[in-house]
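K.L.:
Sharing a structure, written as structure tokens. Questions coming.
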Amino acid sequence: MGLPGSGKSTVGRQLARRLGLRFVDSDQVIELRLGCSIREYFEREGEDSFRDVEEQVLDELTLSQSAVVSTGGGSVLRASNRRRLQERTITFYLHSTPDEVFKRLRHDQNRPLLQVADPLARLRDLYRVRDPLYRQSAHFVIETGRPSVASLVNMIVMQLELSGGAAAATGVPVAAGPNQSRAESSASNP
């Protein structure tokens, strides 16, 4: 999970490949269910209606077994989603600053929440609201910064192995130390 443009889908695909699991992008599942793009639905029906559909899809996806799921950037806005992520999954927050995300997305026309006069200001607002919610929901925080996708995947796999989560994720036993608190097990604690 993370802000729009934090690399969730890109890292998720590579992580799934590395772990031998299927990859699911919740936004793609939502679009299939809606029969149109999220942007179109958002404009036509509004954010609340979209969040209802997102909540249903996330509920279903967090009951699925053995998959890497990329969530929509706003999925943490609802307490029920945060609770499901925390209780049913091993969740990684791909932490990116608004400035980093803006550099990646400044020409992207497909993100409805960023189709505003000042997208950087909008990203800063999203970050202010969502960062505490991502942290509340996440088991691990991964700083995206400048590392390559392969490096980010390696960091996630390392955290899974250290926490014993790789066994749960892949069904393959791994050596793991005792369970750690969320702060102790974070790849980064900004």
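Values in this text are rule-based calculations from the coordinates and carry no lab data. For clarity, every value in this text was computed on a predicted model and none was experimentally measured. Virtual Cβ from ideal backbone geometry, glycine too; neighbours counted across all protein chains shown.
K.L.:
What's the extension gain from V116 to Q65 if we count 0.36 nm per residue and subtract their Cα-Cα distance?
P.N.:
Working: separation 51, 0.36 × 51 = 18.36 nm, distance 3.78 nm.
Gain on stretching V116 to Q65: 14.6 nm.
K.L.:
Extending each Cα 7 Å along its Cβ direction at R135 and V149, get the distance between those two points in nm, one decimal.
P.N.:
Those two pseudo-labels are separated by 2.9 nm.
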